[in-house]
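The values are calculated or read from the model by the stated rules, or taken from the named source; none is laboratory data. Values in this document were obtained by computation on a predicted structure and should not be read as measured data. A quick note on method: Cβ atoms are made from the backbone with ideal geometry, for glycine too, and the neighbour counts reach across all protein chains shown. To get the accessible areas, we keep the full protein, side chains included, count just its heavy atoms, and leave off ligands, DNA and RNA. Shrake-Rupley method; radii C 1.70, N 1.55, O 1.52, S 1.80 Å.
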Amino acid sequence: MEEVKTLKGNSMHYCTGCGHTIVHRIIAQLMDEMGLREKAIASAPVGCAVLFYNYFNMDIIECAHGRVPSVMSAIKRVHPDKFVLAYQGDGDLAAIGTTETLHTANRGENITVIFVNNAIYGMTGGQMAPTTLPSQVTTTTPKGRGNNFEGGPLKVCELLSVLDGPAYIERCAVDSAEGLKNTKEAIRKAFQCQLDGKGYSFVEVLSMCPTNWKMDVKSSIGFIDKMKEYFPLGIFKDVRNER
Amino acid sequence: MTEKILMKGNEAMVHAAIKAGCTFYAGYPITPQNEVPEQMSALMPKAGGIFIQAEAELSAINMIFGASAAGVRCMTSSSSPGIALKQEGISYIAGGELPCVIANVMRGGPGLGNIRASQADYFQSVKGGGHGDYKLIVLAPSTVQEMYDLTMDAFDYADHYRNPVLILADGITGQMVEPVELKDYKPILELPSKSGWILDGCKGREPHVVKTLFLESDDRLTKHNIHLQEKYQRIKDELCLCKEYKTEDAELFIAAYGITARVCKEAVDAARKLGYKVGIIQPVSLWPFPEKIFAKYKGKDFLVVEMSCGQMIEDVKLSLECKGKIHFMGCGGGWYPDTEQIVTKVKEIYGRS
Ligand SMILES: Cc1ncc(C[n+]2csc(CCOP(=O)(O)OP(=O)(O)O)c2C)c(N)n1
Ligand code: SF4
Ligand SMILES: [Mg+2]
C-alpha cells in the first residue's frame, strides 16, 4: 500500500472486514491529497474508533459519548481557518448525541461530519443502535428490532436535509470498489465545502461490522444491500452553489 | 481609584471575564443567572469574542471542553439544575486538565426546586459532582465586587493550575445591585504557555492529543490519577482564601460563606452590642477549604450557618477534628437567615453553655 502521511502507519485494532479501517484510509488519502493534515483538528468518538489518535498523525480531541458536534463547533469557532473533522458512529451521533447533531447542523457550523453507520453498537458488543434494521437481531433485541417498541431505523441524512443550516449531505457505502470511489468523492466534496466556507457538510457511510453482525466478511458486505433498502444512497442536500 | 458603577452580580461576572481576556462563552438560559448569557451575547462580540447560546447545558459545557482545548480563555454559567447537567463535561475537563471558568448561581433544589437563592450545591461543588477523583477550585463571592474580582482571578487560577474553576454564587449575589469598581486586568499568577498542548493544527510540530481515556497499560490511568492528586495537593498548599471578622477575642465563631456570611456579619455586630463575643470565619476558597484557619480555633464553640440542610458543616467538623461544640443553623429550599434569627441562636447557644 502507498504511504499515507496523515496515517501513522501502525496496524489498526479493528476487526478484519471492519468498515472503520476503510473509512480511515479514505479520509487519510484525501487529507494527503488536499494538504489538510497540518491544519486539521479531528475528533475521536466514543465507540470502536475511540483510538483514532493512535492511527492519525494530526491534532485530535477525544470527546465524551455523543458530544463531538458541540466540541468541534467550539474548536471551529475559535479557529475558523483550521480544518475541523468530526468522526462519529451511529450510537454516538444518532442516539446519545442526537441533540448535539441536530443543533450543530441547524446552526450550519462550518465543520465536516463523517458518520459511520454500521447499524450496531460495535464497541460495547453488539447492542441495538438507532440505525439497527427492522427484525435485525442484536444482543438487546433478541427477537429482532420491532418487537418491543424500539421504533425503526433513524434516517439521519433525511432528517438533517430539511434544515436550513447544512450545505452538503450525502449517503454512501463502502461495500464495493465503486462504493469506495463514491465515498471518497463525497467526502472530498464535503471537505471542500468546509474549505470554501459554505457551512455544515455531512457524509454518512454504510459500513460493515462483521463481528457484531455475527457474519463472515463476505456476508457482511451482502448485508449492506439490505441496509440500502432503508438507507438509500445519494445526495440529500447540496446548496453549496447557492452560498 | 476608578469610579464605581452600579450593576448586578451576574453582570459583574461578565465584565470581569471580558476584561480578563475571556473570548468564548457558551450557556443556556436559567433563572437566576440569565443576565450572564444576555450580557455576554451583547458584549462578547463587541470584544471580538464568541458567544454561543447552546441547545442545552450538556452542549454548552462540551463547547467549553472544545474551546479550552483550542487554547482560549472560556467560560460557561448556569444555575443548580443546569450545573447538574454539566457534571459529565466537568469530569472530562478536569480529567483532561483543561482550564476554564464555570459559574453556578445557586437556586433551591432538589429537582426543579425554586428560583430562590440557595447554597445546597456545596457537596456537588467541592466533593466531586461528576465521576472520578477530581477537584475543582471553588470560589465563593459574597459581594458584587467579589463577583467581579473572583471571576477575574478565576481565569488566572485556571490557567496557572490547568484546572477548571467554579464560581459558587447564589441567586441573591447574582441579582443584587451594588457599586463595582471595574478594575483593569493584571495577572495575579504566573501563566504557563499553552503551546505544548493546545489544538490548533500540527504545522511545524508533533500532533497534540487531548484525551481522558488511558488504556496504554494497566497502571496508566493510576499514574494519571496520581499526577492529578499531586497537582491538587500543590493547590491545597498554595491556595487558601478566607476572611476573618472580629475573631481576635471571640468566644463563639460563626462559619459561613457567600451571602450568608454577610448576614452573619450584621448579626455579629448586633450580638456584640448585647455583650456576646462572636466572630466570623468566612471561607472564600471552598476548595481548597481553609482548614489551617479553622485549625487555629480547634476546641472553640462554632455555629455553622448555611442556606442548605448542612453541607459545609462537614468540612468545618473535619478541620476542627470535631473538637468543641459545633452548632448548626440552616435549611434548604430557599430559606434565608436573618439577623434576628442568628442573634436568637447565639443567645440560645450562650444559654446552653
Ligand atoms: C455516557 C456513556 N454511555 C455509554 C457508554 C458506553 N459506550 C461506549 S461505545 C458505545 C456505543 C458506540 O456505538 P457507535 O457509536 O455505533 O460506534 P461503533 O462502536 O459502532 O463504531 C457505548 C454505548 C459510554 N462510553 N459513555
Ligand atoms: S466490533 Fe465491529 S465496528 Fe468494532 S472494530 Fe469490530 S467490526 Fe469494526
Ligand atoms: Mg455503530
Which of A:Met208, A:Met12, A:Met227 fluctuates most in a GNM of chain A (C-alpha springs under 10 Å)? That residue is A:Met12
Only bridges whose two residues both fall in the protein assembly as shown count here: according to DSSP, what percent of them are antiparallel, nearest 5? 25 percent
Rounded tilt (10° steps) of B:144-161 against the dominant C-alpha axis of chain B: 50 degrees
Give a quick list of trypsin sites (Lys or Arg not before Pro) in the range B:76-177 that DSSP marks as loop, anything other than H, G, I, E or B, with at most 14 other Cβ atoms within 10 Å. none
Per residue, how much accessible surface does the range B:244-352 expose to a 1.4 Å probe? Answer in Å², no decimals. 42 Å²
How large are Rg and Dmax for the range B:91-145 when calculated on the C-alpha trace, in angstrom? 12.8, 34
Cα axis of helix B:9-19 to longest principal axis of chain B: angle in degrees, 0 to 90, nearest 10? 40 degrees
For the range B:3-182, what is the percent of antiparallel DSSP beta bridges, rounded to the nearest 5? 25 percent
One would report the Cα pair-distance distribution of the protein assembly as shown, bin width 10 Å, in %, as 3, 16, 24, 22, 16, 10, 6, 2, 0, 0
Viscosity 0.692 mPa s, temperature 37 °C: Stokes-Einstein D of the range A:11-138 from its Kirkwood Cα radius, in µm² per second? 219 µm²/s
Please calculate how many Å² of accessible area the range A:47-177 carries per residue, with a 1.4 Å probe and no DNA, RNA or ligand atoms counted. 30 Å²
As a test of understanding, state the convex hull volume per residue of the range B:1-135 from its alpha carbons, in Å³. 119 Å³
On a 0 to 90 degree scale, rounded to 10, what angle separates helix B:80-95 from the longest Cα axis of chain B? 50 degrees
Could you look at the range B:3-182 and say what percent of its accessible area is carbon and sulfur, using a 1.4 Å probe and all protein chains? 56 percent
Would you mind calculating the relative contact order of the range B:59-118 from Cα pairs under 8 angstrom and at least 6 residues apart, reporting the percent as a whole number? 35 percent
Working from the pairwise distances between different alpha carbons, so that the mean of 1/r is found and then inverted, what is chain A's Kirkwood radius in Å? 17.7 Å
Viscosity 0.692 mPa s, temperature 37 °C: give me the Stokes-Einstein translational D for the range A:172-212 in µm²/s, with Rh taken as the Kirkwood radius over C-alpha pairs. 295 µm²/s
For the range A:112-180, what is the Kirkwood hydrodynamic radius in Å, using each pair of distinct C-alpha atoms? 13.7 Å
Run the reach check for B:Lys273 against lysines, Cα to Cα strictly under 16 Å, same-chain hits fewer than 8 apart removed. What comes back? B:Lys246, B:Lys265, B:Lys345, B:Lys347
Chain A: relative contact order in percent, alpha carbon pairs under 8 Å with at least 6 residues between: 19 percent
Who wins for biggest fluctuation among A:Lys189, A:Lys155, A:Lys226 in a Gaussian network model of chain A, springs between alpha carbons below 10 Å? A:Lys226
Mean projected area, convex hull of alpha-carbon positions in the range B:244-352, reported to one decimal in nm², is 6.1 nm²
Estimated [θ] at 222 nm from DSSP helical runs (n ≥ 4, -39500 (n - 2.57)) normalised by residues in chain A, nearest 500: -10500 deg cm²/dmol
Backbone N under 19 Å from the B:Asn34 label point (7 Å along Cα→Cβ), restricted to the range B:59-88: B:77-83
Sum up the lysine pairs in the range B:3-182 that clear both bars: alpha-carbon distance under 18 Å and a spacing of 8 or more or different chains. 6
What is the sum of charges around B:Cys242, taking Lys and Arg as +1, Asp and Glu as -1, for the other residues whose C-beta is under 11 Å from the C-beta of B:Cys242? +1
Using a Gaussian network model of chain B whose springs link C-alpha atoms within less than 10 Å, name the residue from B:Cys309, B:Cys264, B:Cys100 with the highest mean-square fluctuation. B:Cys309
What is the sum of charges around B:Gly330, taking Lys and Arg as +1, Asp and Glu as -1, for the other residues whose C-beta is under 11 Å from the C-beta of B:Gly330? 0
Probe radius 1.4 Å, ligands and nucleic acids left out: can you give me the accessible area buried at the A-B interface, summed over both chains, in Å² to the nearest hundred? 2600 Å²
For chain A, the accessible surface attributable to carbon and sulfur atoms (probe 1.4 angstrom, ligands and nucleic acids excluded) amounts in percent to 53 percent
When the accessible area of each residue in the range A:72-86 is compared between its chain alone and the complete protein assembly (1.4 Å probe; ligands, DNA and RNA ignored), which residues differ by at least 20 Å², being lower in the assembly? A:Ala74, A:Ile75, A:Arg77, A:Val78, A:His79, A:Lys82
Please tell me the relative contact order of chain B in percent, rounded to the nearest whole number, where contacts are Cα pairs under 8 Å and at least six residues apart. 18 percent
Could you work out the Kirkwood radius for chain B, taking every pair of different alpha carbons, averaging 1/r and inverting it, reported in Å? 20.9 Å
Percent antiparallel among DSSP beta bridges confined to chain A, nearest 5, equals 25 percent
